[in-house]
Amino acid sequence: QLTPSSFLRIGQLSNVDLNEDIHELETELPRQRPNEIPHNEKLLSLKYESLDYDNSENQLFLEEERRINHAAFRTVEIKRWVICAMIGILTGLVACFIDIVVENLAGLKYRVVKDNIDKFTAKGGLSFSLLLWATLNASVVMVGSVIVAFIEPVAAGSGIPQIKCYLNGVKIPHVVRLKTLVIKVCGVILSVVGGLAVGKEGPMIHSGAVIAAGISQGRSTSLKRDFKIFEYFRRDTEKRDFVSAGAAAGVSAAFGAPVGGVLFSLEEGASFWNQFLTWRIFFASMISTFTLNSVLSVYHGNAWDLSSPGLINFGRFDSEKMGYTIQEIPIFIFMGVVGGILGALFNALNYWLTMFRIRYIHRPCLQVVEAMLVAAVTATVGFVMIYCSRDCQPIQGSSVAYPLQLFCADGEYNSMATAFFNTPEKSVVNLFHDPPGSYNPMTLGMFTLMYFFLACWTYGLTVSAGVFIPSLLIGAAWGRLFGISLSYLTKGSIWADPGKYALMGAAAQLGGIVRMTLSLTVIMMEATGNVTYGFPIMLVLMTAKIVGDYFVEGLYDMHIQLQSVPFLHWEAPVTSHSLTAREVMSTPVTCLRRIERVGTVVDILSDTSSNHNGFPVVESNPDTTQVAGLRGLILRSQLIVLLKHKVFVERANLSLVQRRLKLKDFRDAYPRFPPIQSIHVSQDERKCMIDLSEFMNPSPYTVPQEASLPRVFKLFRALGLRHLVVVDNRNEVVGMVTRKDLARYRLGKEGLEELSLAQT
């Protein structure tokens, strides 16, 4: 049973009493120095399965494909486009729903608190206002945290690491369920309204992926409804392609960046890419942005003016006022370095924090308490900063939504309050566009410092929340500070417009934390609606990534590693040419004969110690003792369907009389195949024979045992395999390569390291 921690339990190290656990582990691991963490990040968990991206080309599949004529293929193609359009529309609508609800609830909360503060400023007793603000925040966040911790722990965090794993080919339990989507959307609304240092953009990507997985299957397992549509798409190959379209639609709804969405799912996700898929994904992204745009325009009352393409709108940057000159490029590169260092610091702090959480805060009630604590602290910090700030700006001509007067003169407002007393999205836009002089450098410096630690503490809580907006906000704050100090140094010359530096700082900070280059450049360009900044943004992001990677890896990769997911990167580790398939593969292999006793099959499937998912099928020679030649590969799920439908005969030479199984029987059982324990086989049936020849995949991919690791890796990764059979020169099975065997090898500080495998 998984503990609902924001990180699933890793290697049993989450118990509070660590000493016993270390003794249990001493047998497997060399004793670490006591000041080090007991090494749970060096484990790979065996509880994650791979997706079958590779179709099983058995006789049933080939017969069905041969029956389909050209016209039917055209209908399938049209269905794909229809699904992509539906993904776009629904993702856009979900984004609208989140946006409108957050705007109204947050507006209500800020109005209540503002009136309260105005009332108490006059007659003293501001501690009541603080209490009210903190209580409001904590109670809203409590609801958001309870639904995540107790109902669906996978919905915690931004969901981008989980979707990356899914598109990489790892099946993470519950990640694309309808229940997850509902909890995700409610959770994100509550955590943003609760005033945490979070954004609502990251979770949109997860929401889009869930919507895509649901629509493309034409049924919901959570609701137990089957709509009998799109049955052709019920397999991992198709589902994974649609999920990458959903993720792209989520990005483009969040930032109004359709091209950025396509590049995001190319860069972060899909291991597979083809032209048609790209074009369909782009179509889904465009539809999603357009839907969001038109609905929000109608909601804001100007129906024909499509002015809000994304959830976050950076506003227009005019090229005339905001051009840049050649001599500013070194300054931008320097900002990139700063962003990389700060990002690496953020990730390192978050890493230690997450390790602590995995170990000690793994009970759902503790997680809810921690979330409430963070919410109350965030409100308190904000209040104290506003209270202590003496930075007053005139209200005339400023576009502040909730101007707090506090101790300022009449007709002035407290400028620290514009940063804290607002949703993070609005604060980012204010930092980009407020005219020079609207912020005191002291205000910005204090704000950056406090918000950095708050955001770092918040990421990884058991609430649904993204890290995009907080990092943009931190970056925009120190970028603007940088711009102000430049204009001080150069006696207020014209080229140091603080808004431009705020944009570069935001890019540098975000690039330093998540380390995306290509898609992030395009997203920033599309969100600002300005192509002139393409080059400086690209430079800043590249610098931030290079500098950050020198210290520690990106936030998402770090969290994937902390969950000990067997994630395959683009390339095998560079120094791994010395390893061959023989050293990497798992042995011994459980093989099945082509005509096998039912009892044997049931025993093999029920054996919990091995729990394999693919079995090579070999030629059955009753007289010889040696392992016979490879004939095919059959999956656990296929065997279970065969046993469930009782496809077997009494003696080997009888032919099947019952109805033949169709591919539809396998598709109907997808994606939750029943466990072997639920299938009852009587003693008489155990003596029957089962013929696997028309259900097995007769042409599985194989490699010779002398193949080098990079070669095996390339084949495995590029075809999205789940099982790769290793054979010797007589075509006899000697081993099997699965995802875990390849993901075990990683480049560490001292060169190639091998991770140990853990059952939990």
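The values are calculated or read from the model by the stated rules, or taken from the named source; none is laboratory data. Since this is a predicted model, take the numbers as computed values, not measurements. As a convention, Cβ positions derive from the backbone with ideal geometry for all residues, glycine included, and neighbour counts pool all protein chains shown. Just so you know, the surface numbers come from the protein's heavy atoms only, side chains and all, with ligands and any DNA or RNA stripped out. Shrake-Rupley method; radii C 1.70, N 1.55, O 1.52, S 1.80 Å.
Here each label is just a point 7 Å from Cα along the line to Cβ, and for T121 and H70 those points are 7.6 nm apart. Per residue, the chain reaches -17000 deg cm²/dmol at 222 nm when only DSSP H runs of four or more residues are counted, each adding -39500 (n - 2.57). Loop-located chymotrypsin sites (Phe, Trp or Tyr not before Pro) in segment 693-732 (DSSP state other than H, G, I, E, B) with a sparse environment of at most 15 neighbouring Cβ atoms within 10 Å: Y701.
For segment 302-375, rounded, prolate or oblate, judged on the Cα gyration tensor with a ≥ b ≥ c (square roots of eigenvalues), a/c < 1.5 rounded, else prolate if a/b > b/c? Oblate is the answer for segment 302-375, as a/c is 1.5 or above yet b/c matches or exceeds a/b. Please list, in chain and number order, the residues 5+ apart from V734 or on another chain whose amide H is under 5 Å from its amide H, with Hs placed from the backbone. Hits under the 5 Å cutoff: V726, V727, D728. Let a ≥ b ≥ c be the square roots of the eigenvalues of the Cα gyration tensor of segment 41-141; is it rounded (a/c under 1.5), or, if not, prolate (a/b larger than b/c) or oblate? Verdict is oblate for segment 41-141. Taking the chain, the Cys residues with no second Cys beta-carbon under 4.7 angstrom are C84, C96, C165, C186, C365, C388, C456, C591, C688. For segment 120-170, the Cα-based Rg and Dmax, in that order, read 18.9, 62 Å. Of the solvent-accessible surface of segment 40-132, computed with a 1.4 Å probe over protein heavy atoms with every protein chain present, carbon and sulfur atoms account for 64 percent. Pairs with C-alpha atoms separated by more than 31 Å, drawn from the list K184/K228; K79/K646; K200/K749; K228/K687; K200/K545, are K79/K646; K200/K749; K228/K687. Only one item in [x] 168; [y] 218; [z] 183 matches volume of the Cα convex hull per residue in Å³ derived from the coordinates shown, and that item is [z]. Under conditions of 37 °C and 0.692 mPa s, segment 83-205 yields 203 µm² s⁻¹ as its translational diffusion coefficient, taking Rh as the Kirkwood radius over Cα pairs in the Stokes-Einstein equation. Ordering R711, R177, R582, R240 by accessible surface, largest first, gives R711, R582, R177, R240; the 1.4 Å probe counts only protein heavy atoms, with every chain in place.
For segment 178-248, what does the alpha-carbon gyration tensor say about shape, rounded, prolate or oblate, given a ≥ b ≥ c as the root eigenvalues, a/c under 1.5 as rounded, and a/b over b/c as prolate? Before the final figure, lay out each step's value.
Details: a/c = 4.56, a/b = 1.95, b/c = 2.33.
In terms of gyration-tensor shape, oblate.
At 27 Å minimum axial length over the Cα atoms and a Kyte-Doolittle cut of 1.6, report the qualifying DSSP H helices in the chain, or say none.
Working: long enough: 70-123 (80 Å, 0.67); 127-146 (28 Å, 1.58); 236-255 (28 Å, 0.14); 275-299 (36 Å, 0.99); 329-360 (46 Å, 1.29); 364-388 (36 Å, 1.78); 468-489 (31 Å, 1.35).
In the chain, the long hydrophobic H runs are 364-388.
Taking 0.36 nm per residue of sequence separation and removing the Cα-Cα distance, the F150/E77 pair yields an extension gain of 22.2 nm.
Of the GluC sites (Glu not before Pro) found in segment 533-601, those that fall in a DSSP loop while having at most 11 other beta-carbon atoms within 10 Å are E571.
Ignoring ligands, DNA and RNA, what accessible area per residue does the chain give at 1.4 Å, in Å²? Kindly include the intermediate steps, with their values, before the conclusion.
Numbers: 31870 Å² over 760 residues.
Per residue, the chain has an accessible area of 42 Å².
Distances between placed amide hydrogens fall under 5 Å for S50 paired with K171, all partners being 5 or more residues away or on another chain.
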